[in-house]
Structures are given as C-alpha cells and as structure tokens.
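The values are calculated or read from the model by the stated rules, or taken from the named source; none is laboratory data. Note that this is a predicted model, so its numbers are computed, not measured. Because the Cβ atoms are built from the backbone with ideal geometry, glycine has one as well, and the counts that use them run over all protein chains shown. These area figures cover heavy atoms from the full protein model, side chains too; ligands, DNA and RNA do not enter into them. Shrake-Rupley method; radii C 1.70, N 1.55, O 1.52, S 1.80 Å.
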Amino acid sequence: MVKKSFTLIEMIFVIVILAFIAIGSFNLISKLYKRNYIAKTSSDFEYFSQQLSDQLSIFLYNRIPLSVIGYNGNNFKYIGYIDENDNYPIMEWMSELSEAKVGKNLSGFADLYDSSKPTLKALDFNSSFINDVLHNKYNTSDNLDSLTALIFAGTFDIGAQEVLSDYNNSFGWHGNNHNYVFTISNYSQNGNNCFLSLNNTDSKKIYAKFYLADSAYALALGKDINKNAACITNLHIPDNEIDNTLFLFYNYRPWKGDTFCADNNGNPEGNVTVLAQNVKGFKFKKVNSHLEMFFTFFKSRGDINISVSKQKVVF
C-alpha cells in the first residue's frame, strides 16, 4: 500500500523540528553578528584612538609649556596646579608658529646686546615669510603685528618662571591681563634680522629665546561647551551625538581678549573642528615636564557595550 500524504501528527512533528532548527540558526546568526559588530567597532576605536593621539601629539608638541591650563567654563587653573579632585574638563594652551620655523625665517632667538626695551632684535627673523605663512594659515590679510605675540622662553625653555607668581594675569586667559605675553606694535626688517617693538616690557625680564605665539587652542567634549554657539550648530551634529564629540578650537588670541568660539563667557572667536566622536571620557594631567592624556571611546547598542581606552604621553 502506497502512502500518499503525511498525517497531521507527522506534519506537526516536522514543523516542531524545523522550528528548533530555525531558533538555533537564529541564535547562531545573532551571536555571529554580535561578535562581528564588537570586533569591527573595537578595531575602529583602536584606529581612531591612535589617530587622535597622533594628531594631538603634533599639536601639543608646539605648545608653550607654561601656558597650558584646565578650564571649567568659569574658572581656570595652570595644569601643573590641578589635582585629582579638581574639575577642569577643558584643556587650553598657546602654540608657537612652528610652520615658519624653516630655514632662517624664524630662529626664535634675539640679540640682547643689540636690543633696548621696548625694541628687540630678533635674529634670522623673516617678517615677509612669516606674514605669508599667516596669510595662508588663517586666510587673512592681517600681518604678524596683529596675529602674533612674543612669549619669552625663560631659563628652562618652559616660559618665564615669573608667571607663576601671578598666573591668572600672565597670558590673558578668559578676560585677565596678559602681563607676560608681549604684543608687537610695529616691526622693521633689517637684512636677515628684524627689530620688533614690543608693548608692556617695562619692569619685565627679557630672554634670548622666545616663542612667537600665533593662536590658542582648546580641547573639549560637547557636554562641556556651549552647544548652541553658531560655530557648533553650523557643524550639524545630531543632538544625541554632540555630548560625546571631541572638538578642537583654534584661531583665537587670549592676549587680545578672545576665548574659543563655544565658550559660555567672554568674547568668543575663532574656528572649530571635530577630532573624534563616541568619546565618553577625556582627562589630562601634567607629570614633570610632559603631559599625559587619557581617552575612552564608548558605544552601546542593545545589550552590547564596547569600550576602548587609550593613554598618550606628550613631551
């Protein structure tokens, strides 16, 4: 006798078996997807964190050491005075115009024997070349007397130690005085050298080595800045991503009364760029003469939490 069809019990049995196979396959595919997602995201975070560390190393290499501060939107403190219990999530510093330090265009040294306050004889100082660098870097027609200022390196190349006696009024940070940042009123090229007329040099020590500062920089997470500032809204970052976005602010000059463009206070100026996203944490501290920075990248999807941390030392 030939059986022409399955019985109801047989069909139910087959369906049950197929259901178990389907459930098992789904769980396997789900686990494979999670494993692949975790591996890819972790790999991306490792790459982004290394890229971020390398970029910041380049920026911070040209910092003026004593100018580095922590800022919390209201107050600031020299990084060397910040301890574990302080809350200064924004890091700021002033940088020298390193792009002009090629050839004999910006040596960073002065002839003190041929200088007389307020005029400083800057050796191997090519004002025309420096102006060209500034024009190209900031897309402006302003020259060095408007965009730069001198900060003396002091005895140990970190800046004049006198600034620590009244740090708040040394660099012009956040509306304070800039007693140790010397603006340039005019300049006169003389062969390879240049005579710079400096402001505010009375009763101040001058040194043979100087930094030609052209901008301040700020490093901050979106949660610690004014997210409604025009320079931030123009980036069109989704609201649910902005808090964990790491920004770099530049092209502002505290010695002129400026602060970064997303500050809640003062006279916001300058530009901003996005350095990284999905940055859950960012910390920094000074150890001896170098900086230590800590980054944590974090991403969550459902029950998957992925975190990658990176530490970077900048000399």
- Looking at region 65-77, is at least one residue at pLDDT 85 or above, of a type in the set (Lys, Arg) and under 21 Å from ASN288 (Cβ atoms)? yes
- Residues located in region 205-252, provided they are in a strand (DSSP E or B) and more than 26 Å from ASP145 (Cα to Cα): LEU219, ALA220, LEU221, LEU246, PHE247
- Task: Identify all residues within region 188-204 that are in a loop (DSSP other than H, G, I, E, B) and closer than 23 Å to LEU66 by Cα; write none if there are none.
- Result: ASN199, ASN200, THR201, ASP202, SER203, LYS204
- Note on the structure: Looking across region 67-109 at residues that are among the aliphatic types (A, V, I, L, M) and open to solvent by 40 Å² or more (accessible area, probe 1.4 Å), the single one that is nearest to the chain's Cα centre (by Cα) is ILE82
- Query: What are the pairs, 6+ residues apart or on separate chains, where a residue within region 186-202 that is within 18 Å of SER107 (Cα to Cα) has its Cβ under 8 Å from a residue that is acidic (Asp, Glu)?
  - Reply: TYR187/ASP145; ASN192/ASP124; ASN193/ASP111; ASN193/ASP124
- Output the qualifying pairs, or none if there are none: Cβ atoms under 6 angstrom, residues six or more apart or on different chains, first residue in region 248-274 and at negative phi, second residue among the β-branched types (Val, Ile, Thr) and open to solvent by 10 Å² or more (accessible area, probe 1.4 Å). LEU248/THR273; PHE249/VAL272; CYS261/VAL272; ALA262/ILE225
- Message: Let me spell it out: the conditions are (1) open to solvent by 20 Å² or more (accessible area, probe 1.4 Å); (2) part of a strand (DSSP E or B); (3) of a type in the set (Gly, Ala, Ser), and ALA122 meets all of them except one. Which number is the exception?
- Response: (1)
- Restricted to region 196-252 and to residues being of a type in the set (Val, Ile, Thr) and more than 23 Å from MET94 (Cα to Cα), the residue surrounded by the fewest Cβ atoms within 10 Å (Cβ to Cβ) is THR233
- Residue check for LEU134: of a type in the set (A, V, I, L, M, F, W, C) and more than 21 Å from the chain's Cα centre (by Cα): no
- Among strands (runs of 3 or more DSSP E) entirely inside region 253-315, those with 3 or more residues being surrounded by 15 or more Cβ atoms within 10 Å (Cβ to Cβ) are 258-260, 271-276, 279-287, 290-301, 304-314
- When region 38-78 is checked residue by residue, the ones that are closer than 17 Å to LEU248 by Cβ, assigned to a helix (DSSP H, G or I) and hydrophobic (A, V, I, L, M, F, W, C) are PHE48, LEU52, LEU56, ILE58, PHE59, LEU60
- Task: Being of a type outside the set (A, V, I, L, M), in a loop (DSSP other than H, G, I, E, B) and open to solvent by 10 Å² or more (accessible area, probe 1.4 Å) is the filter; apply it to region 155-187 and report the residue that is modelled with the lowest pLDDT.
- Result: PHE156
- Test LEU60 against the stated conditions and say whether it is open to solvent by less than 10 Å² (accessible area, probe 1.4 Å), closer than 25 Å to PHE182 by Cα and within 14 Å of the chain's Cα centre (by Cα). yes
- Message: Residues to consider are SER128, SER57; find the one that is touching a strand residue (DSSP E or B) at 6+ places or on another chain (Cβ under 9 Å) and at pLDDT 95 or above.
- Response: SER128
